[in-house]
1. Could you check the spin-label model distance between residue 86 and residue 146? Points 7 Å from the Cα along Cα→Cβ, value in nm.
2. If each residue of separation counts as 0.36 nm, what is the full-extension length gain between residue 194 and residue 70 once their alpha-carbon separation is subtracted?
3. Exposure proxy check: 55, 194 ranked by fewest other beta carbons within 10 Å?
4. Express in whole angstrom the spacing between the alpha-carbon centres of the stretch 44-62 and the stretch 196-210.
5. Length gain on complete extension for the stretch residue 265 to residue 162, per 0.36 nm per residue less the alpha carbon to alpha carbon distance?
6. Rounded to the nearest 0.05, what FRET efficiency do residue 136 and residue 171 give with R0 = 30 Å and r taken as the Cβ-Cβ distance? Could you check?
7. Determine, for 41, 120, the number of other Cβ atoms within 10 Å of each Cβ, and report the residues in order from fewest to most.
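What follows is calculated from the coordinates using simple rules that are stated; it is not laboratory data. Just so you know, these numbers come straight off a predicted model, no measurement behind them. Here the Cβ is made from the backbone with ideal geometry for all residues, glycine too, and neighbour counts use every protein chain on show.
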């Protein structure tokens, strides 16, 4: 009971911070929260992969300043988006590969900077569509992630029989993943009915990206923890593990959501 209460309190504080940053409709508050989240997640990831030094924090802060505050030409974002997507694609190949080798310092540095840092930067950029801050857009994406995670757990616990990827995450099941997708799709349809930032069919495209990409992102982080022989990325959230454990899906899927939104903006 004490553990359940601890998880509930920690989860409530985490959700409150996210919602406050969104609905304050204040660019500085939102950006600052995800800058702190980004630094914390990089710190946790550095410990997982055993990356020495603090140079990655300096480079990340430089990228953050450049792409969040300095660069206003959307075409310039491709210079960060393409490398980030390539790194995430590499991680998917690595996830399904049986051949494992020791990671070099350069590989650890690039993964920390682009997989974690790049993901956090694009997560912070998602709400800024057409030159304005859209709280309904980022809040809708948060809802899709939470609905998918919640019902994947519920359906998996009650109906799960077939393992999804037992080598990396033995508790996840195919039934749970399908259950999460179904309920997240229903949520996306309802969100589309009550928001104007995207049409219903656009929300249905986004939910597929969020659920599939987010599930893969969770497996990618689990793969790193399995390699390191640890259960949680950290202990910053009592009862929940590390911050990266809570944001792994969002961080991995953020660049894919960003490029999908760019495509939807130009495709009627």
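1. 3.7 nm
2. Fully extending the segment from residue 194 to residue 70 adds 41.3 nm.
3. 194, 55
4. 34 Å
5. Gain on extension, residue 265 to residue 162, equals 33.2 nm.
6. That pair, residue 136 with residue 171, gives E of 0.35.
7. Ordered by Cβ neighbours within 10 Å, fewest first: 120, 41.
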